[in-house]
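Below is one structure, written out as structure tokens; comments come after it.
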Amino acid sequence: MVLMVAAAEAAEPAKRLFILSGQSNMTPALKDGFVRVMEERYGKENVTVVHQRESGRGLRFWDKDYKFPDNYRFPGKETAPEEKHLKQHGTLYGELIQAAGEAAEGKTHDTVTFIWMQGESDAGRALGEVYGESFLRLLGRLKADLGRKDIGFVIGRISDAGLNGELAEQWERVRAAQVKLAEDADDGDWIDTDDLNGPNDDVHYPGDKYPDLGARFAAKAIELIEKSSPAGAKGSKYPP
């Protein structure tokens, strides 16, 4: 028993890589709330966080192989996608994978988790039909480029901001796709954000709520990590 305890105490703490990405609601304040919880849980020296966001961008800007729905027309314009739109596909992915690669270079990470806060643009542009398949392509490309088959993910389900009015059907379609992605995956989960976007159910959250949103992401990611592996809590300051 003494030898077993000594071996456990000598074990190197696990290293965690987190990749945070999305559109405008993936704010620096969200990142700060996320980092605070993770560093408290695993120790600052064991946590690496990559953060990227771009306001107003649909999922297609991360997915180079994106496919618009059949016979798609942009709402309001009723025009079909043109070559200039196809050239936009995946344009944000390069900077994301570069940042992740730089953060991981020369290091060994025991776990990699993708944190995703995006979808409002897809709902507003009636692209919920292909949201799920596009996200899976993005996740698959991340796994291939990072050489990891075990990347877990947490999706922030877009809030209830668009559930009333002309966007309601498409808004609900994206929300449903996000939940399905999480529930269909052994290494995925989602968080609810409906209670954080203020009394007027705005698309953006009040400034003081972003750290709370980040902390919610962190709590779910910790739950996912420590559920996925018997050694999930390795390096933790606290019991699971």
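The values are calculated or read from the model by the stated rules, or taken from the named source; none is laboratory data. Given the structure is predicted, the values throughout are model-derived calculations rather than measurements. Here Cβ is always computed from backbone atoms with ideal geometry, including for glycine, and neighbour counts include all displayed protein chains.
Side notes on the structure shown:
- Applying the condition of being out of contact with any strand residue (DSSP E or B) (no Cβ under 8 Å at 6 or more places or on another chain) and modelled with pLDDT under 90 to the range 201-231 and asking which residue is farthest from D186 (Cα to Cα) yields D201.
- Residue selected from the range 167-199 under the condition of a type in the set (S, T, N, Q) and in a helix (DSSP H, G or I), by the criterion surrounded by the most Cβ atoms within 10 Å (Cβ to Cβ): Q178
- Of the residues making up the range 59-85, those that are over 22 Å from A144 (Cβ atoms) and surrounded by 11 or more Cβ atoms within 10 Å (Cβ to Cβ) are F68, P69, Y72, R73, F74, P75, A80, P81, H85.
- Residue count for the range 27-71, restricted to those that are farther than 28 Å from G90 by Cβ and of a type in the set (F, W, Y): 1
- Output for the range 35-55, where each listed residue is over 21 Å from Q98 (Cα atoms) and either in contact with a strand residue (DSSP E or B) (Cβ under 7 Å, 6 or more places away or on another chain) or buried (at least 21 other Cβ atoms within 10 Å of the Cβ) (or both): M38, E39, R41, Y42
- Test result for G162, at pLDDT below 95, touching a Gly at 6+ places or on another chain (Cβ under 8 Å) and not aliphatic (A, V, I, L, M): yes
- Taking residues in the range 58-71 that are at pLDDT 95 or above, and partners anywhere that are surrounded by 17 or more Cβ atoms within 10 Å (Cβ to Cβ) and among the β-branched types (V, I, T), the pairs with Cβ atoms closer than 9 Å and at least 6 places apart or on different chains are L59/V130; R60/V130; Y66/V130; K67/V130; F68/V130; P69/V130.
- Where a residue in the range 30-44 is under 20 Å from D110 (Cα atoms) and its partner, wherever it lies, is in a helix (DSSP H, G or I), with Cβ under 6 Å and at least six apart: F34/G214; F34/F217; F34/A218; V37/A215; V37/A218; M38/A218; R41/I222
- In the range 73-94, of all residues being assigned to a loop (DSSP other than H, G, I, E, B) and touching a residue at least 40 places away in the same chain (Cβ under 8 Å), the one that is nearest to R141 (Cα to Cα) corresponds to L92.
- Hey, T108 at pLDDT 95 or above and among the hydroxyl-bearing types (S, T, Y) or not: no
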